[in-house]
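Every read-out reported here was derived from the displayed coordinates using simple, explicitly stated rules and does not represent laboratory data. Quick caveat: nothing in here was measured; it's all calculated off a predicted structure. In this analysis, Cβ positions are derived from the backbone assuming ideal geometry, glycine residues included, and neighbour counts consider all displayed protein chains.
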Amino acid sequence: MQTEDFSFRLIQWYEQNKRSLPWRNIQNPYHIWLSEVILQQTRVSQGLPYYLRFVEAFPTVADMARAEEKDVLRLWQGLGYYSRARNMHQSSKMVMDKFGGEFPNNYKEILTLKGVGSYTAAAIASFAFNEAVAVVDGNVFRVLARIFGVEEDIASGKGQKIFNELANELLPKNQSAVYNQAIMEFGATHCKPAAPDCPTCIFRDNCFAFAHKKQNVLPIKIKKLKIKYRNFTYLVFGYQQKIMMKMRGEGDIWQGLYDFVMLENLEKTQENEALKDKLQNTSLLAMQIGQEILPNLTVKGVSQTYKHVLTHQQITAQFIYLQIDSPELAAQILAENSLALYTPNEVNELPKPILIVNYLKTL
Ligand code: SF4
């Protein structure tokens, strides 16, 4: 199949089949950036309300730059991958400080923004400024691998180079915005990962995967993901009608989000049951928070065990609600653990991991 023929057919398909989405047909690089960051690893149906909320809360990049990080994180709550929101916030400040408030208008400069990789930079540069640079995301890998029979591992350096070169070769230089959107849309809605619609496909007669029945094999991705198992015990201290929470620091998941005093006990999930038994009779708790303060606490509840799955981590968590009666002890626990007291309404406003949100719903 000729290069021109491929892009022409693809764009034609796109014009007839594209979904109507609020970030389509816009040239505002900030809004395009928002949509791209939100949609990374997120389905359109899930990301759409977030996009609309962000545009409403922060209509311009200057509005986001002025916002507090915790407000950005609160709006992001539930999307996961919170470093993306933090990077976006920091980059909005970069746009104000380094680029004088004007969103950078070319691939090279866009790439200097924090958290912006080659895919996002290409998307913004081509959609907003029609720069001739090809996007290569999961959809593009899939479509190119299947149609052109590229059997290289998409996670390898060699594979990335091959796909990049092919994608840029196929890109019609004067139609980069529409072409890039077309190939992504085709991958997202027609040549889908699990159930590509081959019988009605415009490329059926030219498709390597269809001819060789390799739709389920291509693209090739060799997984090297190592899952870490973690076991959290949260101590939820209540005092009067408030609970104690703190912001998570650097160097671990959920930086900038709020949770409780957290003890990380065991790495192996098999031992959870034994741990649970110990927690029920509070002996482990006594060991962890000190025998001397235990008599001044009332254990109000031990939660069910929660399982929370992240890309590289599987977390098992349990919450122990401890009511404090003495003001001295409350002050001591607050100070020693960098905690602050929050009313239920204030807790609601804080950005929190979904694991914490789910637990709070049970209180
Ligand atoms: S024929 Fe099937 S595998 Fe090939 S491009 Fe079309 S939908 Fe994808």
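See the values below:
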item	result
The stretch 95-154: Rg to Rh, with Rh as the Kirkwood radius over Cα pairs	1.11
Positive-pole candidate from THR60, ALA121, PRO351, dipole of the chain, charges at beta carbon	ALA121
Approximate spin-label separation LYS173-LYS98, in nm, with each point projected 7 Å along Cα-to-Cβ	2.9 nm
Helix 82-98 vs. the chain, principal-axis angle (Cα, 0 to 90°, nearest 10)	70 degrees
Sites THR311 and LEU52 - FRET efficiency at Förster radius 22 Å, r taken between beta-carbons, to 0.05	0.30
Charge dipole (debye, nearest 20) of the stretch 3-211; +1 at Cβ of Lys and Arg, -1 at Cβ of Asp and Glu	480 debye
HN-Hα J in Hz across the stretch 61-66 - Karplus 6.51, -1.76, 1.60, θ = phi - 60°, x for Gly and Pro	5, 5, 5, 5, 4, 6
Net charge dipole size for the chain [Lys, Arg +1 and Asp, Glu -1 on Cβ; Debye, nearest 20]	800 debye
Degrees separating the helix 157-170 axis from the principal Cα axis of the chain, which is the longest one	50 degrees
Proximal lysine pairs, the stretch 3-211, alpha carbons under 16 Å, eight or more residues apart or interchain	5
GLN16 paired with LEU263, simple spin-label distance in nm, labels 7 Å along Cα-to-beta-carbon	6.5 nm
Counting all C-alpha pairs of the stretch 50-102, share separated by more than 17 Å (%)	29 percent
GluC sites (Glu not before Pro) within the stretch 30-123, DSSP loop, no more than 12 other Cβ atoms inside 10 Å	GLU68, GLU102
C-alpha long axis of helix 44-57 to longest principal axis of the chain, angle in °	70 degrees
Cα-based equivalent ellipsoid of the chain: semi-axis lengths in Å, sorted from largest, via gyration tensor	47, 25, 16
Computed [θ] at 222 nm, helices only, for the chain once each DSSP H run of length n ≥ 4 contributes -39500 (n - 2.57)	-13500 deg cm²/dmol
Mean Cα-pair separation over length for the chain, i.e. relative contact order, pairs under 8 Å, 6 or more apart, %	16 percent
Farthest positive-ward along the chain dipole, Cα basis, beta-carbon charges - from PRO196, LEU21, LEU39	PRO196
